[in-house]
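Reviewing the structure listed below.
The values are calculated or read from the model by the stated rules, or taken from the named source; none is laboratory data. Because the structure is predicted, anything quoted here is derived from the model rather than measured. Cβ atoms come from the backbone with ideal geometry, glycine included; neighbour counts cover every protein chain shown. Protein only, heavy atoms only, side chains kept; ligands, DNA and RNA dropped before computing areas. Shrake-Rupley method; radii C 1.70, N 1.55, O 1.52, S 1.80 Å.
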Amino acid sequence: DPISLARLQALSIAWFTPQQPRKGTRPRDAFFKGPVPIVAMRSSADDPNATHLFCKGGDNAASHGHVDLGSFELIADGVKWVHDLGMDSYSVPGYFGKPEERASIHRISTRSHNTLTFGNANQSLKGTANVIAFSSAPTFSLAVMDLSKAYAAPKMKSALRGFLFDRKRVLMQDELDLDEPAVHIRWGVVTMADARLNGNEAVLSSEGKTLTLKVLSPADATFTAVSMKPPTAEENPNEGAKMIAVEIPKLPRGNHRIAVMLSPGDSAALPAPTMKPLAEWARIYPVKDAAKR
């Protein structure tokens, strides 16, 4: 009985036996399976200035979950660049209401997370996303998430989100096969950093460090800044937060790619990698036991 055993924890003070830390190299990357699959990648296990990337799949119907399939966070050079705003107060009206009421709260909605939105709408409240590819190698790591069941609209044959980490930079690659046209498509990241926007490039700065975002596809896409101020006064005002977004007014039926490079510091000067279809990533590095949802 865990409750009964908890009463005995104080005895560990008297009988505690120190142990030497386990030897061995800690893995730089990990894939945590389960109802909410999470992939963690990093350039080093012990460098305080290492780059860390965390991305998630899961189930939007999960208890206490947010409507945020495909979202991610990024830390580099000791600075957290891409943020998850976290939970809001339980006292916000609708927090314990019907699922659609709860999802209207800004911090729970898709609109406040680092993922794709269509028509400024939430993902499907019953949406799911699996990790279908994962690899950890000395010079790179990658993951692919299947977001095909994440959205109620637009209708799509497939939606894949890929993360390729070359131990310096992160290539984010979204591939959509739309069954019908889509409007107001937004790719975005939430940040607390200062931002200088210049067409298809955005330079974030904080604590004397920089992170450069560059749109690789579509060729004519540019960055904009979107307020993270919520629609009601009862909600957290999200002071200092903004979303750096790529907003595409319309996409026709068919295949499309949205790709953005995130480069800490001087790595922004490196040439862009050659992009390959995410289906090829999944074919070469499949997650064989990916859950069928």
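For segment 95-102, state whether one or more residues are closer than 22 Å to residue 232 by Cβ, among the basic types (Lys, Arg), part of a helix (DSSP H, G or I) and free of Cβ contacts under 8 Å to residues at least 60 places away in the same chain. Within segment 95-102, one or more residues are closer than 22 Å to residue 232 by Cβ, among the basic types (Lys, Arg), part of a helix (DSSP H, G or I) and free of Cβ contacts under 8 Å to residues at least 60 places away in the same chain.
Only one of the numbered conditions (1) within 30 Å of residue 46 (Cα to Cα); (2) crowded, with 17+ Cβ neighbours inside 10 Å; (3) hydroxyl-bearing (Ser, Thr, Tyr) is violated by residue 148, and that is (1).
In the set (1) touching a Ser or Thr at 6+ places or on another chain (Cβ under 6 Å); (2) in a loop (DSSP other than H, G, I, E, B); (3) among the polar types (S, T, N, Q); (4) more than 21 Å from residue 263 (Cβ to Cβ), the condition left unmet by residue 117 is number (2). Among what's in segment 24-52 and is among the hydrophobic types (A, V, I, L, M, F, W, C) and either assigned to a loop (DSSP other than H, G, I, E, B) or over 21 Å from the mean Cα position of the chain (by Cα) (or both), pick the residue that is modelled with the lowest pLDDT. Here the answer is 45. Within segment 220-241, residues that are touching a residue at least 24 places away in the same chain (Cβ under 8 Å) reach partners that are of a type in the set (Asp, Glu) and part of a loop (DSSP other than H, G, I, E, B) with beta carbons closer than 7 Å, at six or more positions or on different chains, in the pairs 235/88; 236/88. Looking at segment 255-277, is at least one residue in contact with an Asp or Glu (Cβ under 7 Å, 6 or more places away or on another chain), open to solvent by less than 50 Å² (accessible area, probe 1.4 Å) and without any contact (Cβ under 8 Å) to a residue 40 or more places away in the chain? No, that holds for no residue. Among the residues of this structure, residue 232 does not count as one that is open to solvent by 10 Å² or more (accessible area, probe 1.4 Å), β-branched (Val, Ile, Thr) and either at pLDDT below 95 or touching a strand residue (DSSP E or B) at 6+ places or on another chain (Cβ under 9 Å) (or both). Taking the condition of being under 17 Å from the mean Cα position of the chain (by Cα) and open to solvent by 10 Å² or more (accessible area, probe 1.4 Å), how many residues in segment 125-145 meet it? Qualifying residue count, segment 125-145: 4. Determine whether residue 21 is assigned to a loop (DSSP other than H, G, I, E, B), modelled with pLDDT of 75 or more and over 30 Å from residue 127 (Cβ atoms). Taking the combined requirement at face value, the residue does not satisfy it. Working carefully through the options 247, 239, 234, 207, find the one that is among the acidic types (Asp, Glu) and more than 30 Å from residue 103 (Cα to Cα). Criteria check complete, one pass: 207.
Residues in segment 266-284 include none that are within 20 Å of the chain's Cα centre (by Cα) and part of a strand (DSSP E or B). Taken over segment 76-90, residues that are part of a strand (DSSP E or B) and open to solvent by 50 Å² or more (accessible area, probe 1.4 Å) amount to 1.
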